[in-house]
Amino acid sequence: MKERNGSVRLAAVGVLVTGSVLVGGSAAGAAWASSVPAGSAIGNTAERSAASCGLGADNPTVSNGTITGIGSRTGCGGTVTLTVQVRKHRTAWPDKVVAESSQTGFSNGPLDASGNCDGNGTYFTEARSSSGNKLSSERVNRC
């Protein structure tokens, strides 16, 4: 039994460390995701080009009752449909979409979504690509 508890504690520490690394990486106010697995070796130029492709999601900002989230796609070849949403977290309910913007044929750059604040609460920006990638910013208290 003692050996089993030790294994459980070790697994819990691993989860906490992984979570800390993930949260710490986005602590600057924006999140970033790349299409390259960590530690992978990249050989040719085409692979390097695809490796630098990624999504970004900035923390939502508020000005005069309007909340804005900025999503982005950087270093990517080809085009996708990029959708950016600002969501308000709701406990035990689906998160509420308060702003949304979508653009087809999107290659690289920022795309913003703006909408009205929905009262004080926890908000985040989510960027989704039609290629299947999705990234969320930090959850921050706004409005």
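Provide the descending list of Cα extents for segment 70-143 along its principal axes, expressed in whole angstroms.
39, 22, 17
For segment 113-122, what does the Karplus curve 6.51 cos²θ - 1.76 cosθ + 1.60, with θ = phi - 60°, yield as ³J(HN,Hα) per residue in whole Hz, taken in order and with x for Gly and Pro?
Values per residue, Gly and Pro as x: 10, 10, x, 7, 4, 10, x, 4, x, 9 Hz.
Would you mind checking which residues have amide H under 5 Å from C53's amide H? H placed 1.01 Å from N; only 5 or more apart, or other chain.
Hits under the 5 Å cutoff: S35.
Values quoted throughout were computed directly from the atomic coordinates according to the rules given, and no laboratory measurement underlies them. Since this is a predicted model, take the numbers as computed values, not measurements.
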